[in-house]
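The next block holds one structure in the form of structure tokens; read it before the comments.
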Amino acid sequence: MKSLLASFPIALVLLAGTASADALTQVETLAPETVVKPFKNRFSHGKLIPANAEWLYTAGQTGIDVDGTIGEGIEAQADLAMRNLHNIVTDAGMSSDDVIKMTIYYVDPAYLPTIVAARNKYFGANFRPASTAVGVSALARPQLLVEVELVAARVPAN
């Protein structure tokens, strides 16, 4: 183990030294033709982020309002979860364009269209982050129906 750790910094130096003058200066959306197209064009397969980006990772947001009230039903909870995420993103000085990855956890697959509608309301109909939706048997509280987290990256202007 010690020899592996000792060689790790050398690998980082070698990788850092390979950057060229053509280094990535903006987020690049990856859509290889060798991978099936995104379902209904609602997400991107990948996002390549330049080294100088500022990162934002959120905790999972649920359908709980600022006063601690849990929304009644999936429409209210999806709206609150997406509103909470949007508020975190804007508080960081970022926008929908900076969101790289979104992960949605839901307890019933029938909720997905409602969750996507709330996502589009706050992040825009053309919002295409790398995205994953995961059906789960339960969330942290039995009343919760949806939880959403995201990662954003802002690339400074040149």
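The values are calculated or read from the model by the stated rules, or taken from the named source; none is laboratory data. Every value quoted in this text rests on a predicted model; they were computed, and no experiment measured them. Don't worry about glycine lacking a Cβ; one is built from the backbone with ideal geometry, like all the others, and counts go over all protein chains shown.
Tell me whether region 77-96 contains one or more residues that are among the acidic types (Asp, Glu), surrounded by fewer than 14 Cβ atoms within 10 Å (Cβ to Cβ) and at pLDDT 90 or above.
Looking only at region 77-96, we keep the residues that are among the acidic types (Asp, Glu), and these are 79, 91.
Retained after the next criterion (residues that are surrounded by fewer than 14 Cβ atoms within 10 Å (Cβ to Cβ)): 91.
Restricting the remaining residues to those that are at pLDDT 90 or above gives 91.
Yes, there is a match, as at least one residue in region 77-96 is among the acidic types (Asp, Glu), surrounded by fewer than 14 Cβ atoms within 10 Å (Cβ to Cβ) and at pLDDT 90 or above.
The number of residues in region 102-136 that are in contact (Cβ under 8 Å) with a residue 40 or more places away in the chain and touching a strand residue (DSSP E or B) at 6+ places or on another chain (Cβ under 7 Å) comes to 11. Among the residues in region 110-122, are any more than 26 Å from Thr29 (Cβ to Cβ) and hydrophobic (A, V, I, L, M, F, W, C)? Looking for residues that are more than 26 Å from Thr29 (Cβ to Cβ) and hydrophobic (A, V, I, L, M, F, W, C), one finds at least one in region 110-122, hence yes.
Quickly run through region 45-81 and pick out the residues that are touching a Phe, Trp or Tyr at 6+ places or on another chain (Cβ under 8 Å), among the small types (Gly, Ala, Ser) and not in a loop (DSSP other than H, G, I, E, B). Hit for region 45-81 is Ala78, nothing else.
Taking region 82-111 as the range and being more than 14 Å from Leu145 (Cα to Cα) and in a loop (DSSP other than H, G, I, E, B) as the test, the residues that pass are Ala92, Gly93, Met94, Ser95. Selection of first residues in region 146-158 that are closer than 16 Å to Thr29 by Cα and of second residues that are surrounded by fewer than 16 Cβ atoms within 10 Å (Cβ to Cβ) and not hydroxyl-bearing (Ser, Thr, Tyr), restricted to Cβ pairs under 6 Å at least 6 apart or on distinct chains, gives the following pairs, ordered by first then second residue: Ala153/Trp55; Arg154/Glu54; Val155/Gln26; Val155/Pro50. For region 102-111, a residue qualifies if it is buried (at least 18 other Cβ atoms within 10 Å of the Cβ) and over 26 Å from Leu48 (Cα atoms), and the qualifying residues are Tyr106, Tyr111. Selection within region 112-154: residues that are within 16 Å of the chain's Cα centre (by Cα) and in a loop (DSSP other than H, G, I, E, B). The member of this set that is surrounded by the fewest Cβ atoms within 10 Å (Cβ to Cβ) is Asn126.
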